[in-house]
Structure formats: C-alpha cells, structure tokens
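Everything below concerns the one structure shown next.
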Amino acid sequence: MYCKVHIFVMLFVKVSIKNVNMKTIFLVLISLIICSLCNSVKAQSVVKTVSLAKNNQEEITGKVANENHQAVPFATVTLLKADDSALIKGNITDELGQYVFTNIPAGKYITSASVIGMLKSYSRPFEINEAHSKVMVPELILKDNTQLLKGVNVTASKPFIEHKLDKTVVNVENSVVSTGNTVLEVLEKVPGVQVDNDGNISLKGKSGVTIMINGKLTYLSQEQLTAMLKSMSASQLSQIEIITNPSAKYDASGTAGIINLKLKKNANEGFNGNVMLGYYQSTHSTYNGGLNLNYKKDKINLFGNYSRNGGGGSNDMELIRRFYNGNSKSLNSQMEQNSINHWSYTYQSIRAGIDYNINKNNTLGALITYSGNPQTSRRNGPIHFYDAGMNLDSLVVPHSEIDNSWHSVTYNLNYKLTIDTAGQELTANFDYSPFSSTSGQNYSTEYFDGVGIQLHEPKYRRGNLPSGIDIKSGKIDYTLPLKNKMQFEAGVKSSLVTSDNNVQYENQIDGKWLNDTGTTNHFIYKENINAAYINFKKELKKGWAFQLGLRGEQTVSKADQVTIDSVVNRNYFQLFPSVFVKKDLNKNNTLTFSYSRRIDRPDYGSLNPFTYYIDDYTYSQGNPFLQPQLTNSFELSHSFKSILFTTLNYSHTSDVITGIIKQNDTTHVGYEMNENLNTMNNIGISVSMPIQVTKWWMTNNFINVYRNHYNGQLEGGQLNNSLTSFNFNTTNTFTLPWDMKAELSGYYNSRGVHGMAISYPRYSVSAGVQKSFWDKRASMKLNVNDIFDTQEGGGTLHYQQINMTIHNKWESRRIGLTFSYSFGNKNLKVNQNHKTGIEDEQNRISK
C-alpha cells in the first residue's frame with residue numbers, strides 16, 4: 001500500500017513546483033489506479049485471510065451494504081461463536097459501512113448485521129488461528145423487510161444537526177421544516193445562513209458562498225440560483241451540508257465556504273413524483289411551481305423535474321448625494337433622486353437524467369439541465385439638484401426600459417467504477433455548458449430648470465448587450481480506503497472558458513442613431529484552470545480524527561479588449577492546503593479545528609470593461625485588471641449533546657474584491673466598479689441552539705457576532721473601515737392536532753460594513769400554518785412573510801469627497817398559499833444525487 005500513496009505524493013510534488021502539465025497529472029493518476037488494481041484482490045466471494053506476522057494482532061474486518069451494494073452506515077454488527085451463536089463482541093459500522101473487531105481469541109466465528117427495517121444477514125463460518133490471524137469477511141447484504149415496514153412505525157431518526165470532521169450536516173429529510181416549503185425557505189432556517197430580499201446568500205456574515213447540488217456547482221448567477229431555489233420543493237432534499245472550510249477535494253473558489261444541497265437517493269424500484277404550486281400576493285403577485293418525477297426499473301434509473309416561477313414587483317429607491325467645494329467640507333450642491341422600478345420575470349428550468357448500472361461495479365449516467373429567464377424593467381423617477389442653500393436649481397427626469405433574457409444549458413456525462421466492496425472507487429465527470437444572454441436597453445432623459453421650464457430637447461440612448469460564454473470541464477476522482485480507518489483521495493480537473501461580449505451603445509442626434517465610441521466595446525476573455533489534489537483521512541484511538549489535504553491550481557487567462565487592441569495575459573500557480581482535527585472529549589462534548597486556504601476569482605462580467613447604465617447619472621463598469629482574492633480561514637468549534645454548537649472563526653483576505661463608488665463632482669455622475677483592496681479581516685463567534693422544548697415545540701436559534709475590517713489604499717487615500725455586527729434568527733415549529741403544524745420565525749441583522757459602505761439594520765417576522773392530508777401525501781400551507789412590513793435596505797457611504805445615503809423599500813409583506821402533493825411509491829426516493837465538475841465556472845457568470 002505504501003507504493004500507491006508514495007508514487008502519487010512524489011509525482012504531485014514534482015508537478016507542483018513547476019507549471020502544471022495536465023497530461024503529466026493524468027498519467028500520475030492513472031499510474032496510481034493501475035497500481036491499486038494490480039494489488040487489489042478484495043472482490044472475491046470467499047473469505048480473505050492473511051498469514052500471521054510476528055506481533056500482529058488478530059483482526060476481523062468487513063463491510064455492510066444494501067442490495068444495490070451501497071454502504072449501510074450505523075448498522076449493528078455482532079461477532080458470534082459458530083457453534084452456539086454466543087455473543088463475543090458488538091460494533092457499529094462507520095459512514096462507509098465498514099467495521100472491525102480486534103484482539104479476538106482463536107476459534108470459529110460468524111458475523112451478523114442488522115438495522116431497523118431490514119432483514120438480518122449472517123456470514124459463513126470462518127476461523128481465527130495462528131496461521132490466519134486476519135480475516136476479511138465477504139460483504140454482508142441487508143435486504144428490505146417489507147413485511148416489517150408495513151406493520152411498524154419507525155420513530156428513530158437522525159438529529160436535526162450533526163457536526164462532522166469537516167462540515168455541519170442539517171438532516172432536513174422527514175423534518176417539519178421541509179414539508180410544504182421551498183428550498184430557499186429551508187435555507188433561511190439553517191443556522192448561520194442569511195438570505196436577503198434579493199436572494200443573496202451569506203454565511204456567518206461573509207459573502208462569497210458557493211452553492212452546490214449533490215457536490216456539483218450550479219453554474220448559475222445569484223439571480224438564477226435564487227429563482228431555481230424558489231421553485232424547488234424541499235421534499236427533494238435529504239441533507240444540507242455547511243462546509244465553512246472545504247477540503248482539498250473541492251474547488252478552491254468560494255472564500256465564505258460551500259453550501260451543498262444533497263437530494264434524496266434512490267432505494268427501491270418503482271415510480272414516484274412530487275408536484276408543488278404556490279401563489280403569493282403583495283402589491284403585485286408572484287407564483288412558483290414544480291414537478292419532480294423518478295422511475296427505477298432493474299438497471300435503469302430515470303429522473304427529471306420542471307420548475308417555473310414568475311410574476312412582478314416594484315421597489316422604491318431614494319438616493320442622496322452631496323457634492324463639496326474642492327477638498328473642503330463646504331457644500332456645493334445636493335442631488336436627490338427618487339426612482340421607482342417596476343419589473344416582471346418568468347424563470348423556468350428543466351433537469352433530466354438517466355443512470356444505467358452496467359453491472360454491480362460500473363454505472364454510466366447522463367444529465368442535461370436547461371434554465372432561462374426573460375425579464376423586463378421599467379424605471380422612472382425625478383432627480384432634483386439643489387444649490388448650497390438647498391434651493392432647487394434644476395430637475396432631470398430619466399426613463400429606462402430594459403429587456404433582458406438569458407439561456408443556459410449544461411450537458412453532463414458521468415461514470416462510476418466500484419473497484420471493490422471496501423469502498424475503492426473511481427468517478428469521472430465531463431461537462432459542456434453554453435450560455436447566452438441579450439439585453440436591449442432604451443433610455444430617455446428630460447432636463448428642466450428650477451421653475452420647470454425645459455432646458456433643451458430630451459436625450460435618447462439605446463444599447464444592445466449580447467453575451468456568450470462556453471464552459472468545458474472534465475474531472476476524475478479516486479477514493480482508496482486503507483487499513484485502520486484510513487482513507488486516501490486524489491483527483492484532477494481541467495476547465496476551459498471562453499466569454500465573448502460585444503457591447504454597443506448609440507445616441508440619437510438630429511433624429512439619427514450614431515454609435516457611441518466611448519462606451520462601445522468588444523471584449524473576449526479566455527481562461528484555463530488545471531487542478532490536482534490529494535487528501536488523507538484517519539481515525540485514531542481515544543476519539544481523535546484528522547484530515548490533511550493539498551490542492552494545486554494553475555490559472556492561464558487572456559483578456560482581450562478588441563475595440564482598443566488591449567490584451568492582459570496571466571499565468572499563475574497556487575497551492576491550497578487544508579487541515580481538520582477532531583477530538584471527542586466524551587460522549588457529550590466534541591472539539592473540532594479546521595484551516596483552509598481559498599480563492600475567489602472575479603466573475604466574467606466584472607472583468608469586462610463595458611458600461612451598464614442605470615441612468616445618465618449612475619452606471620457600473622468592469623475592470624479587466626481585477627485580481628483574484630485569497631483567504632486563509634481558521635475555525636475552532638465545540639458541540640455539546642447536539643443541542644449547543646459554538647464556533648470561533650477568523651479569516652484574512654488579501655486583495656479583497658470590493659465594490660467601489662467613484663464620482664465626478666462637476667458632472668454629478670457616479671459609478672461603481674470592483675477593485676482590489678489590500679486586506680479584509682473577519683473575526684467572530686457563533687452559537688447555534690436547536691432545542692426540542694416539548695414534544696410539540698421545536699426551536700432553532702442562531703446568533704453570530706462578528707467584526708469585519710477593510711483596509712487599503714483607495715483613490716489616493718487610505719480606507720480603514722471596520723464595524724462589529726451581529727445577526728440573530730429563530731425558527732419555531734409547533735406540532736398541532738389534526739396533522740397540522742404552525743411556524744413562527746424572525747431575524748435581525750444589525751448595522752454592517754461592506755467595503756466603503758455601512759448598511760442599516762434589517763429585521764422581519766413571519767408566520768405560517770400547514771395542514772397535511774391524504775395520508776400525509778398532500779399538504780397546504782398558508783404563510784405571511786414580513787408581517788409588520790419592516791424589511792427595507794439602505795446605508796451610508798462617506799469617503800473623501802463622496803457622501804451618499806441610500807434607502808430601498810420593496811414589496812416584502814406578502815401572503816402566500818402553497819400546495820404540495822407526493823404520488824407513487826413512497827419507498828422510492830429521489831435519485832438525483834449526481835456530481836459534475838463545471839459548477840465553479842458557472843457560478844462566475846454574471847447575468
């Protein structure tokens with residue numbers, strides 16, 4: 001076994017100290033797999049024995065699996081005498097379904113395995129003696145006990161929250177929080193996760209969260225992701241994994257961590273599905289709906305879902321900008337803008353896939369995903385300009401009509417090779433994802449003096465912003481369980497991205513449309529990321545466990561501004577280590593320490609130096625010279641009886657990507673672009689308390705206190721912005737008679753610092769009631785979001801000559817009615833637990 005690991009480590013180090021060559025890395029991995037296959041003789045159907053070596057202890061090992069040869073964790077395994085079935089020892093299988101017995105006296109034995117709802121299984125008799133001191137028992141197969149399941153109500157369940165070595169697991173399957181809710185609604189209840197009104201997701205006060213589904217990146221923008229999660233029924237979920245410090249196995253992107261949504265796995269043959277419909281009313285109405293279908297027969301498993309949501313809404317924004325005389329603090333003028341935006345959208349997605357079990361060791365799968373979203377925006381509102389004495393000087397009335405539409409398709413081909421029953425496996429994923437978008441923009445601006453007389457003819461501008469992005473990705477992952485509860489993992493990945501944006505703006509002059517050469521730009525961005533990783537896991541005695549990992553990523557990119565013939569080339573290689581240590585102090589207390597180094601690369605839109613107009617006085621612009629940001633994160637966590645979880649965290653980010661506001665004091669034009677600040681430090685403590693108060697009252701509470709500190713040179717000055725903030729959320733679920741449940745939830749976010757700006761506090765209280773019927777296959781939920789209509793955003797920004805205040809109010813209070821119905825075989829669980837390798841690249845698409 002030493003040669004397998006030693007060969008890979010030596011070659012990995014060799015390629016890490018030079019520019020990564022993907023051909024070399026693939027050859028390394030293939031060499032490792034061949035070495036492992038040559039040495040592996042574990043798949044035989046008879047008991048394996050190993051000759052006695054001096055001072056070796058007697059040892060019996062094996063694995064428990066179901067009829068599909070999937071590991072059965074937490075099964076009870078007993079060692080019995082072969083002649084009279086007398087009990088010798090007992091044990092519980094680990095997460096890989098493996099067990100071990102040591103220090104066994106000579107004799108003849110059998111093993112048995114059992115778990116609730118499945119038939120007990122026995123091994124053939126085997127013998128321990130001086131000649132054969134180590135025995136590997138053939139795989140024990142557990143079959144479903146269908147008769148038992150018909151007559152018994154199984155009440156045992158996993159705890160709602162579990163803390164593991166490298167992640168926190170929220171078991172939402174069959175919990176009250178999942179019934180009748182969407183996935184986004186469930187995420188809002190997960191400790192440490194914050195979801196604002198726009199659907200932006202943060203983790204423990206930090207943005208930059210990567211969302212994955214079954215270990216696969218979604219390749220969606222934040223806007224697309226929010227629309228998808230609003231349409232997904234939470235009944236599809238099995239677990240939510242919160243990975244604040246991801247291991248080397250994951251892509252190094254995402255400085256705040258990863259939220260992995262695990263869908264339910266397939267268990268039995270048959271057909272089932274779920275349908276969900278929702279309607280919500282505020283000033284405007286919105287709707288969502290989804291259909292999920294699954295079918296399994298013999299070697300074939302088919303699955304698919306369709307989701308759709310849409311409607312309209314509005315928000316009212318008030319913006320005040322103050323302009324000063326030179327570098328003094330004497331006011332020169334003030335701009336007050338009230339902008340009302342009316343929008344409508346329709347989002348839909350289709351996901352379909354097939355798995356084919358060639359045999360018990362080989363599975364081939366294919367998956368296709370489509371999503372699209374046409375959206376319209378109509379923005380109007382006056383802009384008042386006042387002089388130093390606050391007398392009205394002039395009035396500008398802008399109007400904008402923007403029609404956006406994007407379409408994204410992802411094709412995935414996946415393969416899994418189960419090498420042996422001990423858990424040795426090889427997986428491969430190959431992806432292709434084309435994305436296209438269009439944005440048609442029309443602007444008109446009217447100008448008046450202080451008494452309302454028109455100064456000159458209105459100004460007209462129009463824009464056409466097409467964009468196309470192609471993503472190709474391939475990855476291979478290898479897992480090798482070793483002796484003594486040790487596991488080795490390795491893998492490689494390569495991705496190729498091409499982004500093509502051709503921004504065209506025109507101004508109307510004397511009734512003719514003429515090209516605006518100052519804002520028109522053709523930008524092509526190409527990027528190649530090559531990566532390889534190794535990971536070791538080991539469980540030790542006395543409650544110790546650790547995990548060590550190392551990932552290397554090479555990035556080669558080319559940013560080409562075709563219009564002005566400007567090219568920016570980059571080629572860099574970086575290492576990303578990760579460390580996890582866990583200690584079970586006793587049966588009630590556990591300590592965990594983790595460290596990881598992460599990277600956030602700019603999204604493709606942020607690198608594009610095109611101009612995106614809101615109106616004549618506000619726009620955003622990309623930055624082709626933007627550098628990636630790097631973060632070192634440390635965490636120390638303590639858990640007590642699965643009812644109290646405390647975490648201390650610290651992270652240091654260099655070259656932090658920050659939204660910067662700039663302005664021209666003469667023209668009163670302000671714009672936003674991303675730039676790199678020197679550093680951002682985050683330190684915090686969080687406490688999570690999931691408590692079963694009574695049989696009918698379950699409460700989940702989370703509080704996080706943290707301090708963010710931004711520091712760096714900006715516009716010839718020194719930005720030093722810091723603030724201590726906190727957020728609190730609580731969800732209370734009440735089990736009522738007549739198959740009814742009620743829920744009361746709320747949150748409070750204090751003031752926070754975000755680069756140059758300070759945000760205002762935000763809070764809300766929501767409630768709902770749910771009724772289950774038709775043998776609990778159907779449910780109806782009535783809920784009121786933001787009962788007191790308190791949700792609103794805003795903040796202030798004061799830096800050098802920039803002084804601005806913003807306030808934003810949207811349709812947050814709404815009443816909703818949701819219907820959910822499950823049909824088909826209840827014992828058939830959703831089989832959409834697939835991983836691809838392209839999600840990290842898709843997450844960087846700006847839509």
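The values are calculated or read from the model by the stated rules, or taken from the named source; none is laboratory data. Fair warning: this is a prediction, and the values are worked out from it, not measured in the lab. Positions of Cβ are backbone-derived with ideal geometry, glycine not excepted, and every protein chain shown enters the neighbour counts. These accessible areas exclude ligands, DNA and RNA; they are computed on the full protein's heavy atoms, side chains included. Shrake-Rupley method; radii C 1.70, N 1.55, O 1.52, S 1.80 Å.
Apart from one condition, S651 fits all of (1) open to solvent by 20 Å² or more (accessible area, probe 1.4 Å); (2) in a strand (DSSP E or B); the exception is (1).
Scanning the stretch 802-833 for residues that are modelled with pLDDT under 90, surrounded by fewer than 18 Cβ atoms within 10 Å (Cβ to Cβ) and basic (K, R) gives a single hit, K826.
Checking each residue in the stretch 550-566 for being touching a residue at least 40 places away in the same chain (Cβ under 8 Å) and surrounded by 17 or more Cβ atoms within 10 Å (Cβ to Cβ) picks out L550, R551, G552, E553, Q554, T555, A559, Q561. Assess whether N569 counts as being in a strand (DSSP E or B), in contact (Cβ under 8 Å) with a residue 24 or more places away in the chain and closer than 29 Å to F625 by Cα. So N569 does not fit the description; no.
Look through the stretch 503-516, keep the residues that are in contact with an Asp or Glu (Cβ under 8 Å, 6 or more places away or on another chain) and exposed (fewer than 12 other Cβ atoms within 10 Å of the Cβ), and return whichever of them is nearest to I469 (Cα to Cα). Filtering first and then ranking leaves N515.
Residues in the stretch 657-688 that are closer than 30 Å to T168 by Cα and open to solvent by 60 Å² or more (accessible area, probe 1.4 Å): 2 in all. Taking the listed residues T735, T730, the one that is surrounded by fewer than 16 Cβ atoms within 10 Å (Cβ to Cβ) and either touching a residue at least 40 places away in the same chain (Cβ under 8 Å) or not small (G, A, S) (or both) is T735, with no other qualifying. Note on the stretch 266-317: residues that are modelled with pLDDT of 90 or more, in a loop (DSSP other than H, G, I, E, B) and open to solvent by 50 Å² or more (accessible area, probe 1.4 Å) amount to 2.
The residue pairs whose first member lies in the stretch 303-330 and is touching a residue at least 24 places away in the same chain (Cβ under 8 Å) and of a type in the set (V, I, T), whose second member is open to solvent by 50 Å² or more (accessible area, probe 1.4 Å) and in a strand (DSSP E or B), and whose beta carbons are closer than 9 Å, counting only pairs six or more residues apart or on different chains, are I320/E336; I320/I806; I320/H807. Filtering the stretch 620-639 to residues that are out of contact with any His (no Cβ under 6 Å at 6 or more places or on another chain), assigned to a strand (DSSP E or B) and modelled with pLDDT of 90 or more leaves Q629, L630, T631, S633, F634, E635, L636, S637, H638.
Taken as a whole, the structure places E489 among residues that are open to solvent by less than 30 Å² (accessible area, probe 1.4 Å) and in contact with a Lys or Arg (Cβ under 9 Å, 6 or more places away or on another chain). Report yes if some residue within the stretch 547-556 is of a type in the set (G, A, S) and outside any loop (DSSP other than H, G, I, E, B); otherwise report no. Yes, the stretch 547-556 has at least one match. Considering P138, P125, the condition of being more than 30 Å from L644 (Cα to Cα), over 42 Å from the mean Cα position of the chain (by Cα), modelled with pLDDT of 85 or more and not β-branched (V, I, T) is satisfied by P125 alone. When we screen D251, D198 for residues that are under 25 Å from R351 (Cα atoms), assigned to a loop (DSSP other than H, G, I, E, B) and either modelled with pLDDT of 80 or more or in contact with a Gly (Cβ under 6 Å, 6 or more places away or on another chain) (or both), the only hit is D251.
Residues are listed down the side, and each one gets a yes or a no for (1) modelled with pLDDT of 95 or more; (2) in a strand (DSSP E or B); (3) over 19 Å from M804 (Cβ atoms):
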{"residue": "T647", "(1), (2), (3)": "no, yes, yes"}
{"residue": "I657", "(1), (2), (3)": "no, yes, yes"}
{"residue": "I660", "(1), (2), (3)": "no, yes, no"}
{"residue": "N674", "(1), (2), (3)": "no, yes, no"}
{"residue": "I683", "(1), (2), (3)": "yes, yes, yes"}
{"residue": "Q692", "(1), (2), (3)": "no, yes, yes"}
{"residue": "V705", "(1), (2), (3)": "yes, yes, yes"}
{"residue": "H709", "(1), (2), (3)": "yes, yes, yes"}
{"residue": "Q713", "(1), (2), (3)": "no, yes, yes"}
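In summary, strands (runs of 3 or more DSSP E) completely within the stretch 470-543 and bearing 2 or more residues that are farther than 20 Å from P628 by Cβ, among the hydrophobic types (A, V, I, L, M, F, W, C) and touching a helix residue (DSSP H, G or I) at 6+ places or on another chain (Cβ under 6 Å) occur at 486-509. If you go through the stretch 349-379, how many residues are open to solvent by 60 Å² or more (accessible area, probe 1.4 Å) and in contact with a strand residue (DSSP E or B) (Cβ under 8 Å, 6 or more places away or on another chain)? Count: 10.
Scan the stretch 86-134 for residues that are in a loop (DSSP other than H, G, I, E, B), open to solvent by less than 70 Å² (accessible area, probe 1.4 Å) and either without any contact (Cβ under 8 Å) to a residue 24 or more places away in the chain or more than 26 Å from K541 (Cα to Cα) (or both) and the total you get is 5. Residue pairs whose Cβ atoms lie under 8 Å apart, separated by 6 or more positions or on different chains, with the first residue in the stretch 341-355 and under 27 Å from K809 (Cα atoms) and the second among the β-branched types (V, I, T) and part of a strand (DSSP E or B), are W343/T376; S344/T376; Y345/T376. Taken over the stretch 531-549, the criterion of being open to solvent by less than 50 Å² (accessible area, probe 1.4 Å) and either at negative phi or of a type in the set (K, R) (or both) is satisfied by A531, A532, Y533, I534, N535, F536, K538, A545, Q547, G549. Can you tell me which residue in the stretch 572-594 is surrounded by the most Cβ atoms within 10 Å (Cβ to Cβ), limited to those that are of a type in the set (D, E, K, R) and touching a residue at least 24 places away in the same chain (Cβ under 8 Å)? Result: K582.
In the stretch 517-530, is there at least one residue being of a type outside the set (V, I, T), farther than 28 Å from Y619 by Cα and surrounded by 13 or more Cβ atoms within 10 Å (Cβ to Cβ)? So far as the stretch 517-530 goes, yes, one or more of its residues are of a type outside the set (V, I, T), farther than 28 Å from Y619 by Cα and surrounded by 13 or more Cβ atoms within 10 Å (Cβ to Cβ).
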